[in-house]
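Just so it is clear, none of the values below were taken in a lab; they were calculated from the coordinates. Here the structure is a predicted model, which means the values were calculated and not measured. Cβ sites come from the backbone with ideal geometry, for glycine too, and all protein chains shown count toward neighbours.
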Amino acid sequence: MNYLSLCQSLVQECSITGSMTSAIGQSGEFKSVSSWVNNSWRDIQLEHTNWRWMRDEFTLQTVASTDAYLPSVAGAADYSKWHLDTLRAFRTSIGTADDTHMQFWEWQSFRNRYLFGAQASSKPTEFTVRPRDSALVLGPVPDDIYTVYGEYQRRATLFTLDADIPGLPEEYHMLIVHRAKLKYAFDENAPEVMADAQREHNRMMAALTETQLDMLDLGEPLA
């Protein structure tokens, strides 16, 4: 389901009068429908920090004598956080035969070790995340071109086009509609609609959590 079809489903679920032909540039009640759906999509993404469907891979090529690399340089423009236990590196000219795991250091410890005094360049085996801009900072400073790769978590997004499709598995797309229906019921003071939407929302959220979230990351259920 895309953004428009999600909005159309909400219109049908809530028995809203009229035919919605676009989710963009609407006014009146259809503008509210678009907002309820879009905000619900954002809310679901923010429900947990480790949704599996929001996990992605990155790769960057180092430059000799350069130790810091912004998320955008790694092709992670939609970055939210690094998965710190996934980073690896190899000398690009050798290939994966040179692959090694990289160890994460907390910023202050890394700064005291690698960002102090004269440092010899070599293959980077450790890294930190610079607090001010989330750049990956490598230690030692690379002496050559290395391929550094790993995984990161994407940030939450909003729909901007009718054809935009949510990233969560297709069988859970109606979860967005059920959450949007809760917003409609609250605005319209419709307790019977609220009860039905709450029941369906909780059922689908439980299933999504079971399949798309590591058990260690489970948070509080929606009341």
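The calculated FRET efficiency for Thr157 paired with Arg111, based on their beta-carbon distance and R0 = 30 Å, is about 0.35. By the Kirkwood approach, averaging reciprocal distances over each pair of separate Cα atoms, the stretch 1-120 gets a hydrodynamic radius of 19.0 Å.
Note on the chain: with charges restricted to the Cβ of Lys and Arg (+1) and Asp and Glu (-1), its dipole about the Cα centre is near 560 debye.
State the volume of the convex hull built on the alpha-carbon positions of the stretch 52-154, expressed per residue in Å³ and rounded to an integer. With only Cα atoms used, the stretch 52-154 gives 91 Å³ per residue. Placing unit charges on each Cβ (+1 for Lys and Arg, -1 for Asp and Glu) gives the chain a dipole about its Cα centre, and among Pro191, His201, Leu138 the Cα reaching farthest toward its positive end belongs to Leu138.
Ordering Arg155, Arg132 from the fewest to the most neighbouring beta carbons within 10 Å gives Arg132, Arg155.
Around the Cα centre of the stretch 52-154, unit charges on the Cβ atoms of Lys, Arg, Asp and Glu (plus for the first two, minus for the last two) sum to a dipole of about 240 debye. Of all lysines in the structure, those lying under 26 Å Cα to Cα from Lys183, and not within fewer than 8 positions of it along the same chain, are Lys31. Annotation: extensible slack from Ser134 through Glu188 equals 15.2 nm (criterion: 0.36 nm per residue apart, minus Cα-Cα distance). Using 0.36 nm per residue and subtracting the Cα-Cα separation, the extra length available between Glu171 and Lys31 on full extension is 47.8 nm. Secondary-structure-derived ellipticity at 222 nm for the chain, considering helices only, amounts to -11000 deg cm²/dmol, per-run term -39500 (n - 2.57) for DSSP H runs with n ≥ 4. Rounded to the nearest 0.05, what FRET efficiency do Glu210 and Gln61 have when you use their Cβ-Cβ distance and R0 = 41 Å? Efficiency, from the Cβ-Cβ distance: 0.60. On a 0 to 90 degree scale, rounded to 10, what angle separates helix 191-212 from the longest Cα axis of the chain? Approximately 30 degrees, to the nearest ten. Relative to the longest principal axis of the Cα atoms of the chain, helix 3-13 runs at roughly 30 degrees.
Among Phe186, Phe90, the ranking by other beta carbons within 10 Å of each residue's beta carbon, starting with the fewest, stands as Phe186, Phe90.
Remark: relative contact order (the chain) = 30 percent; criterion is Cα-Cα distance under 8 angstrom and separation of 6 or more residues.
Once you have the Cα-Cα distance between Leu46 and Asn2, take 0.36 nm times their residue separation minus that, and quote the gain in nm to one decimal.
Gain on extension, Leu46 to Asn2, equals 13.9 nm.
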